[in-house]
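**Q** Have a look at the structure that comes next, please.
The values are calculated or read from the model by the stated rules, or taken from the named source; none is laboratory data. Keep in mind the model is a prediction, meaning the values are calculated, not measured. All Cβ positions, even for glycine, are placed from backbone atoms using ideal geometry, and neighbour counts span all protein chains on display.
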Amino acid sequence: MNTAVSDVVILCGGLGTRLKPFVSDRPKPMALIHGQPFLDLLVEQIVSQGFRRIVFCTGHQGEQIAEYVGRRTDIDALISRERTSLGTAGALRACRHRLHSQTVLVLNGDSFCPIDLVSLLVVHRRRNAAATAAVVPGDGRSDGGAIVLDVDHRITSFHEKTGGAYLNAGIYAVERPVLHQIPEHLPCSLEYDVFPALVGRGLYASVHHVPLHDIGTPARLEAFRTWMAVSKGASDEKRVSC
């Protein structure tokens with residue numbers, strides 16, 4: 001599959017209210033993880049899998065993200081700046097004129113889930129889906145969006161912040177026609193508005209057995225920093241032993 005033809009959108013426009021005053025001088029995706037912006041990890045995940053064309057949907061303190069993007073030479077980057085908060089779906093609709101591909105990969109800018117993005121696209125296209133959400137096993141967590149699947153991995157229920165057998169990983173493959181169904185110039189959420197309305201109309205899940213982290217609160221940010229430190233230590237130890 002030629003992944004280069006698929007545009008990627010990173011949603012970076014959140015206010016990060018729950019992180020203040022711990023991260024007050026920068027937008028949430030620019031929170032530092034051992035000296036490295038969190039956004040860097042997402043871009044590295046994307047680029048390492050063959051994607052280059054990335055639209056960054058920015059809002060609060062978005063000039064910092066624009067400055068960061070301007071320093072990268074390994075991506076074809078575009079900025080879509082929202083002047084007022086549009087929500088995850090509103091931001092996606094607002095950037096639609098910058099998109100070239102029929103299928104768009106969408107990533108939340110405050111969560112990290114190391115899935116195989118190409119595998120997500122393969123599953124999405126094989127099912128001829130309108131939208132496909134990457135999900136991970138819930139494992140008893142109640143801090144994420146609960147997703148219920150049928151035997152064919154069609155999503156039958158999509159509820160945010162309730163926990164369940166599967167959790168929303170914050171990564172989606174979406175067809176262009178879905179973007180045109182999003183109300184224009186109005187705040188709108190993918191998770192609360194768009195995807196629940198797509199249940200029974202081509203909304204599928206792609207299951208991935210990998211960790212899911214978000215940095216939406218000080219406790220989760222610190223937990224992710226700890227996880228990254230442990231992961232890096234294990235990786236360094238493996239290289240030394242080889």
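**Q** Looking at segment 61-89 only, could you name the residues that are in a helix (DSSP H, G or I), out of contact with any Lys or Arg (no Cβ under 7 Å at 6 or more places or on another chain) and either in contact (Cβ under 8 Å) with a residue 24 or more places away in the chain or of a type in the set (Ser, Thr, Tyr) (or both)?
**A** Passing the criteria: 65, 68, 87, 88, 89.
**Q** Residues in segment 26-60 that are part of a strand (DSSP E or B) and either touching a residue at least 40 places away in the same chain (Cβ under 8 Å) or under 17 Å from the mean Cα position of the chain (by Cα) (or both): how many?
**A** Looking only at that region, the number is 8.
**Q** What is the one condition in (1) touching a Phe, Trp or Tyr at 6+ places or on another chain (Cβ under 9 Å); (2) touching a residue at least 40 places away in the same chain (Cβ under 8 Å); (3) surrounded by fewer than 21 Cβ atoms within 10 Å (Cβ to Cβ); (4) of a type in the set (A, V, I, L, M) that residue 122 does not satisfy?
**A** If we test residue 122 against (1) touching a Phe, Trp or Tyr at 6+ places or on another chain (Cβ under 9 Å); (2) touching a residue at least 40 places away in the same chain (Cβ under 8 Å); (3) surrounded by fewer than 21 Cβ atoms within 10 Å (Cβ to Cβ); (4) of a type in the set (A, V, I, L, M), just (1) comes out false.
**Q** So residue 121 passes all but one of these: (1) more than 17 Å from the chain's Cα centre (by Cα); (2) farther than 20 Å from residue 38 by Cβ. Which condition number does it fail?
**A** Every condition holds for residue 121 apart from (1).
**Q** Residue check, residue 165 against (1) more than 22 Å from residue 10 (Cβ to Cβ); (2) at pLDDT 90 or above; (3) among the aliphatic types (A, V, I, L, M), all met but one. Which one?
**A** The single condition residue 165 does not satisfy is (2).
**Q** Mind listing whichever residues of segment 189-207 are surrounded by fewer than 20 Cβ atoms within 10 Å (Cβ to Cβ) and either within 21 Å of residue 82 (Cα to Cα) or out of contact with any Lys or Arg (no Cβ under 9 Å at 6 or more places or on another chain) (or both)?
**A** Scanning segment 189-207 gives 189, 192, 193, 196, 197, 201, 207.
**Q** Suppose the filter is surrounded by 18 or more Cβ atoms within 10 Å (Cβ to Cβ), of a type outside the set (Val, Ile, Thr) and within 30 Å of residue 209 (Cβ to Cβ); does residue 127 pass it?
**A** no
**Q** Do you know which residues across segment 100-111 are surrounded by fewer than 23 Cβ atoms within 10 Å (Cβ to Cβ) and in a strand (DSSP E or B)?
**A** 103, 111 - these are the residues of segment 100-111 that are surrounded by fewer than 23 Cβ atoms within 10 Å (Cβ to Cβ) and in a strand (DSSP E or B).
**Q** Pick from 140, 144: which is assigned to a loop (DSSP other than H, G, I, E, B), modelled with pLDDT under 95 and either closer than 25 Å to residue 200 by Cβ or of a type in the set (Lys, Arg) (or both)? Outline the logic, then answer.
**A** Numbers: 140 fails: either closer than 25 Å to residue 200 by Cβ or of a type in the set (Lys, Arg) (or both).
Result of the check over 140, 144: 144.
**Q** Another question about this same structure. Is one or more of the residues making up segment 27-45 at pLDDT below 95, buried (at least 20 other Cβ atoms within 10 Å of the Cβ) and in contact with an Asp or Glu (Cβ under 8 Å, 6 or more places away or on another chain)?
**A** yes
**Q** Failed condition for residue 194, given (1) out of contact with any strand residue (DSSP E or B) (no Cβ under 7 Å at 6 or more places or on another chain); (2) at positive phi, with all others met?
**A** (2)
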